[in-house]
Amino acid sequence: GENVEQHPSTLSVQEGDSAVIKCTYSDSASNYFPWYKQELGKRPQLIIDIRSNVGEKKDQRIAVTLNKTAKHFSLHITETQPEDSAVYFCAASSPFTGTALIFGKGTTLSVSS
Amino acid sequence: DTEVTQTPKHLVMGMTNKKSLKCEQHMGHRAMYWYKQKAKKPPELMFVYSYEKLSINESVPSRFSPECPNSSLLNLHLHALQPEDSALYLCASSQEGRGTEAFFGQGTRLTVV
């Protein structure tokens, strides 16, 4: 089945810096790669997603890039703010799981002011 | 309405109890999921329902029994749980078809004593 690896597990940045989180996936047939943000005690919330027919997608301070050949995708957050502090999960959807998502282990992002 | 609603929010149960978790969505989604999330870990897929039929069971112990009474409702029946089953149980839904956003409920925080 699909396996999603995520790095780093923790990331600390100063306010205004950029943050990059990287994920790799194992199933070349996977075609959908969302990123979720989860604040303490809350549900995961989708912040951005990308499909396999697109190489890059941007939404204000957040961008995601996908390299299908290398089977990796990355989340880029620019001009970080303290409210960006949370756990970020990447995920992938593969034929083995139908429409269900398989998650990476998560990255705890801390933005200090 | 883009909400997935889970009840109860919190549940404490003994190892001999029988209880049920409930999940409801009115977005017309035909795929629904149960995930289990332990502290500082990613959501772990348990079950997938597609058009009210169980399509994936990720080798979950029989003390967890899912049920999908109709296209809007998903239940998880619990019986003879162990303390290690204590976790946040998340329900999610999405449109059928790969590559679609999954919407998560706020979860049920389960404690088994």
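The values are calculated or read from the model by the stated rules, or taken from the named source; none is laboratory data. If you're wondering where the values come from, they're calculated on a predicted model, not measured in any experiment. Because the Cβ atoms are built from the backbone with ideal geometry, glycine has one as well, and the counts that use them run over all protein chains shown. Just the protein is used for accessible areas: all its heavy atoms, side chains included, with ligands, DNA and RNA removed. Shrake-Rupley method; radii C 1.70, N 1.55, O 1.52, S 1.80 Å.
Taking the conditions exactly as written (more than 11 Å from chain A (Cβ to nearest Cβ), within 23 Å of A:Q6 (Cβ to Cβ), among the basic types (K, R) and out of contact with any Leu (no Cβ under 6 Å at 6 or more places or on another chain)), does B:K22 satisfy them or not?
On the way: more than 11 Å from chain A (Cβ to nearest Cβ): yes; within 23 Å of A:Q6 (Cβ to Cβ): no; among the basic types (K, R): yes; out of contact with any Leu (no Cβ under 6 Å at 6 or more places or on another chain): yes.
Answer is no for this residue.
Of B:V60, B:V4, B:V48, B:V12, which residue is touching a Phe, Trp or Tyr at 6+ places or on another chain (Cβ under 8 Å), β-branched (V, I, T) and touching a residue at least 24 places away in the same chain (Cβ under 8 Å)? Give the derivation first.
Numbers: B:V60 fails: touching a residue at least 24 places away in the same chain (Cβ under 8 Å); B:V48 fails: touching a residue at least 24 places away in the same chain (Cβ under 8 Å); B:V12 fails: touching a Phe, Trp or Tyr at 6+ places or on another chain (Cβ under 8 Å).
On inspection, the qualifying residue turns out to be B:V4.
Scan the stretch A:78-96 for residues that are within 17 Å of B:A102 (Cα to Cα) and open to solvent by less than 10 Å² (accessible area, probe 1.4 Å) and jot them down.
Hits for the stretch A:78-96 are A:Y88, A:F89, A:C90, A:A91, A:A92, A:S93, A:S94.
Would you pick out the residues in the stretch A:6-15 that are open to solvent by less than 80 Å² (accessible area, probe 1.4 Å) and either more than 16 Å from A:L75 (Cα to Cα) or assigned to a strand (DSSP E or B) (or both)?
A:Q6, A:L11, A:V13, listed by residue number.
Among the residues that make up the stretch B:51-74, is at least one of them out of contact with any helix residue (DSSP H, G or I) (no Cβ under 8 Å at 6 or more places or on another chain), under 24 Å from A:N3 (Cβ atoms), within 11 Å of another protein chain (Cβ to nearest Cβ) and open to solvent by less than 30 Å² (accessible area, probe 1.4 Å)?
No, the stretch B:51-74 has no match at all.
State all residues of the stretch B:81-111 that are β-branched (V, I, T), open to solvent by 10 Å² or more (accessible area, probe 1.4 Å) and more than 7 Å from chain A (Cβ to nearest Cβ); if no residue qualifies, say none.
Residues of the stretch B:81-111 that are β-branched (V, I, T), as a first pass: B:100, B:108, B:111.
Checking which are open to solvent by 10 Å² or more (accessible area, probe 1.4 Å) leaves us with B:100, B:111.
Once the filter is applied, which keeps residues that are β-branched (V, I, T), open to solvent by 10 Å² or more (accessible area, probe 1.4 Å) and more than 7 Å from chain A (Cβ to nearest Cβ), the stretch B:81-111 yields only B:T111.
Of the residues B:K22, B:K41, which single one is surrounded by 14 or more Cβ atoms within 10 Å (Cβ to Cβ), part of a strand (DSSP E or B) and without any contact (Cβ under 8 Å) to a residue 60 or more places away in the chain? It would help to see each step written out before you state the result.
Values: B:K41 fails: part of a strand (DSSP E or B).
Going through B:K22, B:K41 in turn, just one is surrounded by 14 or more Cβ atoms within 10 Å (Cβ to Cβ), part of a strand (DSSP E or B) and without any contact (Cβ under 8 Å) to a residue 60 or more places away in the chain: B:K22.
Can you name every residue in the stretch A:25-77 that is open to solvent by 40 Å² or more (accessible area, probe 1.4 Å), under 15 Å from A:S93 (Cβ atoms) and part of a strand (DSSP E or B)?
A:L46, A:R51
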